[in-house]
Amino acid sequence: CDATHYATAADAQGDWVVQLNPKPESALPCDIHVQGDDGAVVSAKNVVWGDVFFCSGQSNMAYPMMLAYNFSQEVATLKDPQLKDFRFFMTSVARTSEPQWDLPNGSSACGAFTPDSSSAYDALPGDCNRWLTAEEALESGSGSADPFISKFSAVCFMTARDIAYMHTSSRPMGLIQSAVGGTAIEEWMSDEAIAATRFASSVPGQTSQLYNSMVAPWNRFAIRAALWYQGEANAQQDIAGVDKTAYYSDMLQSMIRDWRDRKRIGDFAFVAMQLPPGIAPGTPVVEQMATGKIQIRLAQAQILPHPGGRTDISGLAVGIDLGGTTIAGYNHPPNKNEMSRRLALQTLHTAYALQEPLWTGPILDSARMDADSNIVLSFVPSTSSSLRLADVRDCTLCCRSAAPFEISTNGGRTWARVSQEDTRISSNAVTL
């Protein structure tokens, strides 16, 4: 560590900011000391330099490691020397009417897998609002026999771990979990971000309170990427006279812009998890439509870079095939392992600009009718070489075991499944 000194002056409210010089990644621990004209020295000890991921959303982001597939084996990977410089932070659950500049000493539970933050899967106050090393995360949590990592976000940890295995190796990684079950996107947006949307006058319920207490305190903290897994609550939301897809798309993109602007570090990567099926296998399409998830998926896709789009440096991990159920029902599929692998691939492309390995599934390029009245779906060649049907564990939609395509000729009122015999896959196109 160097011995650089920085000087600054506080404003009339006593607030001050110091911008540190850029530093290369380093696992060599440093101490940072802050001293005013009077008073005691305040020190941050054992500081390392690396990449930080801000992991936010609702219950599927708060979904703990202990409920993931192969929990014991997955947790054991944190003992890998390659991950020894991982750091973990769980933001305590709080709702405030005004933006906060700091986090309180942990006085409420964190993790918040359940909306009321009272679940046995949530970490206790003693583990909130403080950084833990990988070694500490493997130890029993405050007031609990379970290791801290067992209650940390499965998606957040396994995504960062897979990024390390595929690219960053032993680089220090800081993981911030700031997520609460059962919450709508409006709660994670500032008042200004909501006001900037076309639907500001139509917003229902609570707004901005989670942003104020669980996002705003991090506004000046530099990150490599934000990971976002949310949308189920908005899928259930019906606002008279408002198109759900347009509404959620506007809210999500305004939130991304606002989060980026407030950090003042440029457009950091933003990677979202597409909503999974959240239904039992065999659920009729009409009932699927009624869940609102299809509309949210369409809105999520609009954050991807495209001509005329509002958002870039962004990614969306496909989840439409990842079904299954847990003790919390179909809305909480257990295969967070595969979700994390896909999020890691998207993040490698979005945050690290890697072109390999392939980071995405097939992306639709065009749809047309051929001379025989067949529908021909063409996909972007770089995303669709060797198209084939494939299954994953707990596959519910878009599976090899069942014809994945359905068509509607009446605006979506009824749907017909196209049989596998009538589905032809060749090169980068599908003919129905």
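Of everything in region 363-384, what is open to solvent by less than 90 Å² (accessible area, probe 1.4 Å) and either hydroxyl-bearing (Ser, Thr, Tyr) or under 20 Å from residue 302 (Cβ atoms) (or both)? Give them in sequence order.
Listed by number, the residues that qualify are 363, 366, 367, 373, 377, 378, 379, 380, 382, 383, 384.
Filter region 135-152 down to residues that are under 19 Å from the mean Cα position of the chain (by Cα) and either in a helix (DSSP H, G or I) or at pLDDT 95 or above (or both), then give me how many there are.
Pass one, region 135-152, residues under 19 Å from the mean Cα position of the chain (by Cα): 149-152.
Next, from what is left, pick out any that are either in a helix (DSSP H, G or I) or at pLDDT 95 or above (or both): 149-151.
Qualifying residue count for the region: 3.
If residue 222 meets every condition in (1) outside any helix (DSSP H, G or I); (2) open to solvent by less than 10 Å² (accessible area, probe 1.4 Å); (3) more than 16 Å from residue 256 (Cβ to Cβ) apart from one, which number is that one?
So the condition that residue 222 fails would be (2).
Which of the residues belonging to region 145-195 are among the charged types (D, E, K, R) and touching a Lys or Arg at 6+ places or on another chain (Cβ under 7 Å)? If you could, list the steps in order and put the result at the bottom.
Let us first name the residues in region 145-195 that are among the charged types (D, E, K, R), namely 146, 151, 161-162, 171, 186-187, 191-192.
If the condition is that a residue be among the charged types (D, E, K, R) and touching a Lys or Arg at 6+ places or on another chain (Cβ under 7 Å), then 162 is the only one that fits.
If we scan region 404-413, do we find a residue that is crowded, with 16+ Cβ neighbours inside 10 Å and β-branched (Val, Ile, Thr)?
From region 404-413, those crowded, with 16+ Cβ neighbours inside 10 Å are 404-405; that's our starting set.
With β-branched (Val, Ile, Thr) added as a condition, the list becomes none.
No, region 404-413 contains no residue that is crowded, with 16+ Cβ neighbours inside 10 Å and β-branched (Val, Ile, Thr).
So which strands (runs of 3 or more DSSP E) stay within region 1-83 end to end and still have 1 or more residues that are at pLDDT below 95?
Values: elements: 26-34, 42-49, 51-57.
Hits in region 1-83: 26-34, 42-49.
Looking at 288, 346, 295, which is the one that is buried (at least 22 other Cβ atoms within 10 Å of the Cβ), outside any loop (DSSP other than H, G, I, E, B) and not aliphatic (A, V, I, L, M)? Please lay out each step first, then the result.
Numbers: 288 fails: buried (at least 22 other Cβ atoms within 10 Å of the Cβ); 295 fails: buried (at least 22 other Cβ atoms within 10 Å of the Cβ).
Of the residues listed, the single one that is buried (at least 22 other Cβ atoms within 10 Å of the Cβ), outside any loop (DSSP other than H, G, I, E, B) and not aliphatic (A, V, I, L, M) is 346.
What residue, of 238, 191, 162, is of a type outside the set (A, V, I, L, M, F, W, C) and buried (at least 18 other Cβ atoms within 10 Å of the Cβ)? Quick ask: steps written out before the conclusion?
Working: 238 fails: buried (at least 18 other Cβ atoms within 10 Å of the Cβ); 191 fails: buried (at least 18 other Cβ atoms within 10 Å of the Cβ).
One residue alone meets the criteria, 162.
Does any residue of region 155-173 turn out to be over 22 Å from residue 342 (Cβ atoms), touching a residue at least 24 places away in the same chain (Cβ under 8 Å) and not hydroxyl-bearing (Ser, Thr, Tyr)?
Of all residues in region 155-173, those over 22 Å from residue 342 (Cβ atoms) come to 170, 172.
Right, trim to touching a residue at least 24 places away in the same chain (Cβ under 8 Å) and you get 170, 172.
After this cut, where a residue has to be not hydroxyl-bearing (Ser, Thr, Tyr) as well, the list is 172.
Scanning region 155-173, I find at least one residue that is over 22 Å from residue 342 (Cβ atoms), touching a residue at least 24 places away in the same chain (Cβ under 8 Å) and not hydroxyl-bearing (Ser, Thr, Tyr), so the answer is yes.
Among the residues of region 305-320, which ones are farther than 16 Å from residue 230 by Cα and open to solvent by 20 Å² or more (accessible area, probe 1.4 Å)?
Step one: list which residues in region 305-320 are farther than 16 Å from residue 230 by Cα, which gives 305-313.
Of everything in region 305-320, those that are farther than 16 Å from residue 230 by Cα and open to solvent by 20 Å² or more (accessible area, probe 1.4 Å) turn out to be 305, 306, 307, 308, 309, 310, 312, 313.
Return yes when residue 75 is at negative phi, surrounded by 10 or more Cβ atoms within 10 Å (Cβ to Cβ) and of a type in the set (Val, Ile, Thr) and no when it is not.
Taking the combined requirement at face value, the residue satisfies it.
Count, please, the residues in region 239-279 that happen to be hydrophobic (A, V, I, L, M, F, W, C) and part of a helix (DSSP H, G or I). If you could, list the steps in order and put the result at the bottom.
To start, the set of residues in region 239-279 that are hydrophobic (A, V, I, L, M, F, W, C) comprises 239-240, 242, 246, 251-252, 255-256, 259, 265, 268-273, 275, 279.
Next cut, part of a helix (DSSP H, G or I) only: 246, 251-252, 255-256, 259.
Residues flagged as hydrophobic (A, V, I, L, M, F, W, C) and part of a helix (DSSP H, G or I) within region 239-279 amount to 6.
I need the full set of residues from region 385-403 which are out of contact with any helix residue (DSSP H, G or I) (no Cβ under 8 Å at 6 or more places or on another chain) and open to solvent by 80 Å² or more (accessible area, probe 1.4 Å), in order please.
Matches in region 385-403: 385, 386, 388, 400, 401.
Can you work out which of the residues in region 297-327 that are closer than 18 Å to residue 59 by Cβ and hydrophobic (A, V, I, L, M, F, W, C) is modelled with the highest pLDDT?
317
Take the residues in region 35-51 that are more than 30 Å from residue 351 (Cα to Cα) and of a type in the set (S, T, N, Q); name whichever of them is farthest from the chain's Cα centre (by Cα). Write out each step before concluding.
Taking region 35-51 and keeping what is more than 30 Å from residue 351 (Cα to Cα), we get 35-43.
Checking which are of a type in the set (S, T, N, Q) leaves us with 35, 43.
Numbers: 35: 37, 43: 32 Å.
It comes out as 35.
The values are calculated or read from the model by the stated rules, or taken from the named source; none is laboratory data. Everything quoted here is computed from the prediction, not taken from an experiment. Note that each Cβ is placed from the backbone with ideal geometry, even for glycine, and that neighbours are counted across all protein chains shown. Ligands, DNA and RNA are stripped out before the accessible areas are found, and what is left, the full protein with its side chains, is counted by its heavy atoms. Shrake-Rupley method; radii C 1.70, N 1.55, O 1.52, S 1.80 Å.
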